[in-house]
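What follows is a short report on a single structure.
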Amino acid sequence: MKTVYTTGEAAKICKVSQQTIIRCFDSGQLKGFRVPGSRFRRIPREALFRFMKDNGIPTDALESGRRRILIVDDDQAVVDLVAEVLSTDGRFEHKAVNNGFGAGMLAKEYHPDLIILDVMLPDINGQAVCELIRRDPSISDIKIICISGMVEEDKIAELKTSGADDFLHKPLDIDELIARICRHLDMETSPNA
(Lines give C-alpha, C1' and ligand atoms only; values in the text may rest on other atoms or scores of the structure.)
Protein backbone atom coordinates (compact mmCIF):
# COMPACT_ATOMS: atom_id res chain seq x y z
CA MET A 1 0.00 0.00 0.00
CA LYS A 2 1.24 3.48 -0.85
CA THR A 3 2.48 5.59 2.04
CA VAL A 4 3.25 8.85 0.18
CA TYR A 5 1.19 10.48 -2.58
CA THR A 6 1.82 13.09 -5.25
CA THR A 7 -0.61 16.01 -5.51
CA GLY A 8 -2.09 14.38 -8.64
CA GLU A 9 -2.70 11.09 -6.82
CA ALA A 10 -4.19 12.91 -3.83
CA ALA A 11 -6.48 14.88 -6.17
CA LYS A 12 -7.73 11.69 -7.80
CA ILE A 13 -8.37 10.02 -4.43
CA CYS A 14 -10.23 13.09 -3.12
CA LYS A 15 -12.02 13.63 -6.46
CA VAL A 16 -10.93 17.27 -6.67
CA SER A 17 -8.61 19.12 -9.03
CA GLN A 18 -4.86 18.98 -8.56
CA GLN A 19 -4.91 22.79 -8.14
CA THR A 20 -7.24 22.40 -5.14
CA ILE A 21 -4.80 19.97 -3.50
CA ILE A 22 -1.86 22.29 -4.23
CA ARG A 23 -3.74 25.26 -2.72
CA CYS A 24 -4.60 23.27 0.41
CA PHE A 25 -0.98 22.09 0.66
CA ASP A 26 0.45 25.60 0.20
CA SER A 27 -1.98 27.08 2.75
CA GLY A 28 -1.05 24.45 5.34
CA GLN A 29 -4.49 22.75 5.42
CA LEU A 30 -2.91 19.61 3.96
CA LYS A 31 0.34 18.59 5.59
CA GLY A 32 3.24 17.18 3.62
CA PHE A 33 6.73 17.95 2.42
CA ARG A 34 8.56 19.15 -0.66
CA VAL A 35 11.02 16.88 -2.46
CA PRO A 36 14.47 18.37 -1.75
CA GLY A 37 15.83 20.37 -4.67
CA SER A 38 12.49 20.53 -6.51
CA ARG A 39 9.04 22.10 -6.41
CA PHE A 40 7.34 18.72 -6.06
CA ARG A 41 5.03 18.24 -3.10
CA ARG A 42 4.46 14.88 -1.37
CA ILE A 43 1.68 13.99 1.03
CA PRO A 44 2.05 11.19 3.60
CA ARG A 45 -0.89 8.77 3.80
CA GLU A 46 -1.78 9.75 7.40
CA ALA A 47 -1.87 13.46 6.48
CA LEU A 48 -4.10 12.77 3.49
CA PHE A 49 -6.40 10.58 5.59
CA ARG A 50 -6.69 13.33 8.26
CA PHE A 51 -7.34 15.98 5.58
CA MET A 52 -10.10 13.84 4.03
CA LYS A 53 -11.73 13.22 7.43
CA ASP A 54 -11.53 16.91 8.39
CA ASN A 55 -13.19 17.94 5.11
CA GLY A 56 -15.88 15.26 4.97
CA ILE A 57 -14.35 13.50 1.96
CA PRO A 58 -15.14 9.76 1.89
CA THR A 59 -11.96 7.82 2.68
CA ASP A 60 -12.96 4.56 0.98
CA ALA A 61 -10.67 5.18 -2.03
CA LEU A 62 -7.72 5.72 0.30
CA GLU A 63 -8.61 2.85 2.60
CA SER A 64 -8.89 0.26 -0.14
CA GLY A 65 -5.69 1.48 -1.76
CA ARG A 66 -6.75 -0.45 -4.85
CA ARG A 67 -6.71 1.00 -8.35
CA ARG A 68 -9.98 1.01 -10.28
CA ILE A 69 -10.15 -0.64 -13.69
CA LEU A 70 -13.14 -0.54 -16.05
CA ILE A 71 -13.28 -3.41 -18.55
CA VAL A 72 -15.28 -2.58 -21.68
CA ASP A 73 -15.75 -5.54 -24.02
CA ASP A 74 -18.72 -7.36 -25.53
CA ASP A 75 -16.80 -10.67 -25.49
CA GLN A 76 -17.68 -12.19 -22.11
CA ALA A 77 -14.70 -14.59 -22.27
CA VAL A 78 -12.31 -11.61 -22.46
CA VAL A 79 -14.12 -9.83 -19.61
CA ASP A 80 -13.99 -12.98 -17.45
CA LEU A 81 -10.29 -13.54 -18.15
CA VAL A 82 -9.25 -9.95 -17.39
CA ALA A 83 -11.56 -9.75 -14.34
CA GLU A 84 -10.10 -12.96 -12.90
CA VAL A 85 -6.52 -11.76 -13.35
CA LEU A 86 -7.30 -8.36 -11.77
CA SER A 87 -9.12 -10.00 -8.84
CA THR A 88 -6.25 -12.42 -8.24
CA ASP A 89 -3.72 -9.57 -8.28
CA GLY A 90 -5.30 -7.86 -5.25
CA ARG A 91 -4.12 -4.36 -6.16
CA PHE A 92 -7.13 -3.71 -8.37
CA GLU A 93 -10.87 -3.50 -8.16
CA HIS A 94 -12.88 -3.59 -11.35
CA LYS A 95 -16.23 -3.21 -13.03
CA ALA A 96 -17.19 -4.40 -16.49
CA VAL A 97 -19.63 -3.29 -19.15
CA ASN A 98 -20.29 -4.63 -22.65
CA ASN A 99 -21.06 -1.47 -24.67
CA GLY A 100 -19.86 2.06 -25.32
CA PHE A 101 -22.88 3.77 -23.78
CA GLY A 102 -22.37 1.88 -20.52
CA ALA A 103 -18.66 2.72 -20.67
CA GLY A 104 -19.43 6.44 -20.79
CA MET A 105 -21.91 6.19 -17.91
CA LEU A 106 -19.59 4.11 -15.71
CA ALA A 107 -16.57 6.28 -16.53
CA LYS A 108 -18.40 9.23 -14.93
CA GLU A 109 -19.97 7.31 -12.05
CA TYR A 110 -17.11 4.92 -11.12
CA HIS A 111 -14.21 7.15 -12.27
CA PRO A 112 -11.74 4.34 -12.91
CA ASP A 113 -8.00 4.94 -12.99
CA LEU A 114 -7.83 3.04 -16.26
CA ILE A 115 -10.18 1.65 -18.91
CA ILE A 116 -9.46 -1.49 -20.92
CA LEU A 117 -11.49 -0.69 -24.02
CA ASP A 118 -12.42 -3.03 -26.86
CA VAL A 119 -12.33 -1.04 -30.09
CA MET A 120 -15.16 -2.99 -31.76
CA LEU A 121 -18.25 -2.47 -29.60
CA PRO A 122 -21.82 -3.21 -30.72
CA ASP A 123 -23.12 0.36 -30.31
CA ILE A 124 -20.16 2.74 -30.76
CA ASN A 125 -16.55 2.31 -31.76
CA GLY A 126 -13.70 2.64 -29.28
CA GLN A 127 -12.31 5.69 -31.05
CA ALA A 128 -15.53 7.60 -30.32
CA VAL A 129 -15.43 6.48 -26.67
CA CYS A 130 -11.83 7.78 -26.38
CA GLU A 131 -12.86 11.14 -27.87
CA LEU A 132 -15.84 11.47 -25.51
CA ILE A 133 -13.70 10.76 -22.45
CA ARG A 134 -10.95 13.17 -23.51
CA ARG A 135 -13.50 15.96 -24.13
CA ASP A 136 -14.98 15.70 -20.61
CA PRO A 137 -12.69 17.48 -18.11
CA SER A 138 -14.16 15.54 -15.17
CA ILE A 139 -12.90 12.21 -16.57
CA SER A 140 -10.20 13.18 -19.07
CA ASP A 141 -7.45 11.98 -16.70
CA ILE A 142 -8.52 8.32 -17.05
CA LYS A 143 -5.90 6.18 -18.81
CA ILE A 144 -7.20 4.12 -21.76
CA ILE A 145 -5.73 0.90 -23.14
CA CYS A 146 -7.52 -0.11 -26.35
CA ILE A 147 -7.69 -3.78 -27.32
CA SER A 148 -8.77 -5.45 -30.56
CA GLY A 149 -8.10 -8.42 -32.77
CA MET A 150 -9.11 -6.64 -35.96
CA VAL A 151 -7.33 -3.29 -36.09
CA GLU A 152 -4.73 -2.51 -38.74
CA GLU A 153 -1.50 -0.78 -37.71
CA ASP A 154 -2.54 2.56 -39.29
CA LYS A 155 -5.73 2.60 -37.19
CA ILE A 156 -3.69 2.33 -33.97
CA ALA A 157 -2.23 5.79 -34.61
CA GLU A 158 -5.77 7.14 -35.09
CA LEU A 159 -6.83 5.61 -31.77
CA LYS A 160 -3.90 7.27 -30.01
CA THR A 161 -4.74 10.60 -31.64
CA SER A 162 -8.31 10.16 -30.33
CA GLY A 163 -7.04 9.75 -26.77
CA ALA A 164 -5.97 6.12 -26.29
CA ASP A 165 -2.84 5.83 -24.16
CA ASP A 166 -1.93 2.38 -25.43
CA PHE A 167 -3.03 -0.52 -27.66
CA LEU A 168 -2.82 -4.30 -27.37
CA HIS A 169 -3.80 -6.94 -29.92
CA LYS A 170 -6.16 -9.80 -29.12
CA PRO A 171 -5.73 -12.54 -28.15
CA LEU A 172 -4.42 -10.74 -25.09
CA ASP A 173 -1.08 -11.49 -23.51
CA ILE A 174 -2.25 -11.13 -19.90
CA ASP A 175 1.25 -10.56 -18.48
CA GLU A 176 1.78 -7.78 -21.00
CA LEU A 177 -1.62 -6.28 -20.17
CA ILE A 178 -0.79 -6.17 -16.44
CA ALA A 179 2.64 -4.69 -17.22
CA ARG A 180 1.03 -1.95 -19.34
CA ILE A 181 -1.61 -1.22 -16.69
CA CYS A 182 1.13 -0.88 -14.07
CA ARG A 183 3.22 1.36 -16.33
CA HIS A 184 0.31 3.72 -17.04
CA LEU A 185 -0.65 3.87 -13.34
CA ASP A 186 2.97 4.30 -12.13
CA MET A 187 2.84 1.03 -10.18
CA GLU A 188 5.37 -1.71 -9.64
CA THR A 189 4.82 -4.52 -12.15
CA SER A 190 4.92 -7.22 -9.48
CA PRO A 191 2.32 -6.99 -6.67
CA ASN A 192 4.97 -7.94 -4.12
CA ALA A 193 7.56 -5.39 -5.21
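Numbers at a glance
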quantity: Trypsin sites (Lys or Arg not before Pro) lying in DSSP loop within region 3-64, provided at most 12 other Cβ fall within 10 Å; calculated: Lys15, Arg39
quantity: Calculated [θ] (222 nm, deg cm²/dmol) that DSSP helices of n ≥ 4 give over the chain, each run adding -39,500 (n - 2.57); calculated: -13500 deg cm²/dmol
quantity: Computed lengthening from Ser27 to Thr189, 0.36 nm per intervening residue step minus Cα-Cα distance; calculated: 54.8 nm
quantity: Contour excess over end-to-end distance, with Cα ends at Lys53 and Ala77 and 0.36 nm allotted per residue; calculated: 4.6 nm
quantity: Cut-off of 10 Å, at most 10 other beta carbons, DSSP loop: longest stretch of the chain lacking such GluC sites (Glu not before Pro); calculated: 1-151
quantity: Quotient of Cα Rg and 2.2 N^0.38 Å for the chain, N being how many residues it contains; calculated: 1.08
quantity: Pairs of alpha carbons in region 44-149 whose separation is greater than 24 Å (percent); calculated: 29
quantity: Förster radius 45 Å - calculated FRET efficiency between Glu158 and Gln18, Cβ distance, rounded to 0.05; calculated: 0.95
quantity: Contour minus Cα-Cα distance for Met105 and Asn125 (0.36 nm per residue); calculated: 5.7 nm
quantity: Considering only the chain, percent of DSSP beta bridges that pair antiparallel, nearest 5; calculated: 25
quantity: Residue-normalised accessible area of region 1-152, expressed per residue, 1.4 Å probe, Å²; calculated: 51
quantity: Crossing angle, helix 153-162 versus the chain [Cα axis fit, 0-90 degrees, rounded to tens]; calculated: 40
quantity: Space enclosed by the convex hull of the alpha-carbon atoms of region 105-193, per residue, Å³; calculated: 100
quantity: Pairs from Lys15/Lys95; Lys108/Lys170; Lys12/Lys95 whose Cα-Cα separation, in the structure shown, is over 25 Å; calculated: Lys108/Lys170
quantity: Accessible surface of the chain, 1.4 Å probe, proportion on carbon and sulfur as whole %; calculated: 52
quantity: Kirkwood Rh in Å, taken over region 35-94 so that all alpha-carbon pairs contribute; calculated: 14.3
quantity: The chain: angle of helix 126-135 to the longest principal axis, Cα-based, in degrees nearest 10; calculated: 20
quantity: Loop chymotrypsin sites (Phe, Trp or Tyr not before Pro), region 1-56 (other Cβ atoms within 10 Å of the site Cβ: 12 or fewer; DSSP); calculated: Phe40
quantity: Convex hull (Cα only) mean projected area of region 1-78, reported in nm² to one decimal; calculated: 6.9
quantity: Helix 18-27 vs. the chain, principal-axis angle (Cα, 0 to 90°, nearest 10); calculated: 10
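The values are calculated or read from the model by the stated rules, or taken from the named source; none is laboratory data. Because the structure is a prediction, the values reported are computed rather than measured. Cβ sites come from the backbone with ideal geometry, for glycine too, and all protein chains shown count toward neighbours. We work out accessible area using only protein heavy atoms, side chains counted, and drop any ligands, DNA or RNA first. Shrake-Rupley method; radii C 1.70, N 1.55, O 1.52, S 1.80 Å.
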